[in-house]
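Have a look at the structure below before the remarks.
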């Protein structure tokens, strides 16, 4: 059947999850974008996405893209479509419009021009015109005008898909249903319920999390209760296909309701909230599968017979003045009950307040960024057991550190931080980066590197000269941390301190701690997991950001090879750029497992993205050629126990490049980089290669102070 192109919109942070969901729903050519996901399929595929997506906000069917740098061009572009194929003259319309970086600056005016173009076409042809209906129009159109390029799409969903049809009333600004679903999916609820796990929401409000959990557990389509979709009044609506999907969904729900489930319960101290939760459960048709009751946190215990399960909570964020102090006690009490009564369970708590999150008093194993409307939140995930000891407020859980009075020198350091932040933070936000270098030994007296990872700081102290007394060096480090707290308005616990000494062999990969906390960060349209505590490096080399973006731009349709692949960031970028397959080779099982997590986080599995544990130098001798794009970023020096002999990039690069370029397909490209500051490339030693230095193009703005951070070349075999 004919494949059509669609776009599913989603709240920020949900895109990787939506990729996986759409693939499961039968979509093809699925590709993540900012605030949404592109996919292909038949109209039936799009109907299925409207009915079954728990995460999407809208499903859009683009009708036309065209240049619209003036109102006249916008009008003409809309008139070029034959609207009689889509709507009757007596039908109804609604136009949603958003505008960015375009000469047409007013979204309401743009929407009026679109409406005029459609109405005028009908009036001229038939003497009749569509009416405007903002609630349930026959045809809802979405216009996105970006950099004078208009995309005109039919909104198949009609209204936001988070409106499931079961919620009658809201208590205390409830979660949108698709965010609640995302929290449950991130926390592993679908797998947990399949294994017989239970669920408790100790602060359920209007019951959204338990109701969404029950809909998942009973295989109930989230859109089954809706009485309106945007395609109902569309002239190309294929009703038999839709009815077949509805019948299938009803059958699946009927079978799901017969399943024997562990307890899915919601508690709250507000009687009105409990009554509303029961109403929502009844409206959703799952009131026999859930339980709600008035209960305080102090009464939180596992349901009888439930040994494993999920505690999930959306507690208040403390946005009103004076609330935070009181809420710290609530969060800490929740942590105490989880630790003392729920060993073997998991927990997931979403909050926008990092101090309150730490007040729980437990170590979060995973942290993901999600958005509750415009509010940036963290989803904290906990493994509950004896090795995750609870800390009371008296012991310091969530406590803000006292900020020291800065010395004149530290004040200079703070001022430099402010200056750099003003320039770099805005640039990073425009580029879609959560992580960037803020400071790198700008002042000789303060020889540190400051890297920002979302709301955390990775602080690397370069080893001070031997003539500097230890006490003085330690005092200066304390001043640096205090200045970071002041300028960035963070707590001391958000600063992760490392001492960077001259490295030999694989010492930069040695474990420093064993906390295992992974933080999800964004780099353009890719996401990565970083570890700020356990290793000297975090899992993401920030200076190679521009190099990775270059690889993504070059990757479409290629077979991509990533040598000395580390945590697979380059492979993720290549896959996102359209590489048909990627191969990542590294000696470390730890980092390959990390790479697999990064690939999965971005919606890729290992079927087309191989991970090979091997000594790269030995593997090159056995590998078969045929790679269109290769990224080679070897260590400066290595004497790993998994290797034979030693490796020195300056000494061994000629032989290395000869081995690697043997694997290139005709016309293939090698991007070769290293971090040896004194490295010299002798092109005459490699006469068979066409070598172009591109270092300057791969040094991002936040590393311009240190242009020798790495070297980079584009290399091809000469014809």
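Points to keep in mind about this one:
- Of all residues in the range 530-572, those satisfying the criterion of being surrounded by 22 or more Cβ atoms within 10 Å (Cβ to Cβ) and assigned to a strand (DSSP E or B) are 530, 560, 561, 562, 563.
- Residue match in the range 152-159 (condition: farther than 25 Å from residue 67 by Cα and touching a helix residue (DSSP H, G or I) at 6+ places or on another chain (Cβ under 7 Å)): yes
This table checks each residue for (1) touching a helix residue (DSSP H, G or I) at 6+ places or on another chain (Cβ under 9 Å); (2) crowded, with 23+ Cβ neighbours inside 10 Å.
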position: 281; (1), (2): yes, yes
position: 286; (1), (2): yes, yes
position: 302; (1), (2): yes, no
position: 307; (1), (2): no, no
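- Residue check, residue 37 surrounded by 19 or more Cβ atoms within 10 Å (Cβ to Cβ) and touching a helix residue (DSSP H, G or I) at 6+ places or on another chain (Cβ under 6 Å): yes
- Residue within the range 270-278 that is surrounded by 13 or more Cβ atoms within 10 Å (Cβ to Cβ), touching a residue at least 40 places away in the same chain (Cβ under 8 Å), out of contact with any strand residue (DSSP E or B) (no Cβ under 8 Å at 6 or more places or on another chain) and in a helix (DSSP H, G or I) present: yes
- Residues satisfying the stated conditions in the range 95-119, i.e. assigned to a helix (DSSP H, G or I) and more than 11 Å from residue 132 (Cβ to Cβ): 107, 108, 109, 110, 113, 114, 116, 117
- Pick from the range 567-598, criterion touching a residue at least 60 places away in the same chain (Cβ under 8 Å) and touching a helix residue (DSSP H, G or I) at 6+ places or on another chain (Cβ under 6 Å), ranking: nearest to residue 29 (Cα to Cα): 576
- Failed item in (1) at pLDDT 90 or above; (2) touching a helix residue (DSSP H, G or I) at 6+ places or on another chain (Cβ under 8 Å), with residue 372 passing the rest: (1)
- Top-ranked residue of the range 21-31 - restricted to ones that are out of contact with any strand residue (DSSP E or B) (no Cβ under 8 Å at 6 or more places or on another chain) and surrounded by 14 or more Cβ atoms within 10 Å (Cβ to Cβ), ranked as nearest to residue 182 (Cα to Cα): 21
- Residue among 210, 190 that is surrounded by fewer than 21 Cβ atoms within 10 Å (Cβ to Cβ), modelled with pLDDT of 95 or more and part of a helix (DSSP H, G or I): 190
The values are calculated or read from the model by the stated rules, or taken from the named source; none is laboratory data. All figures in this text were calculated on a predicted structure; none of them were measured in a lab. Counting neighbours? That spans all protein chains shown, and the Cβs are built from the backbone with ideal geometry, glycine included.
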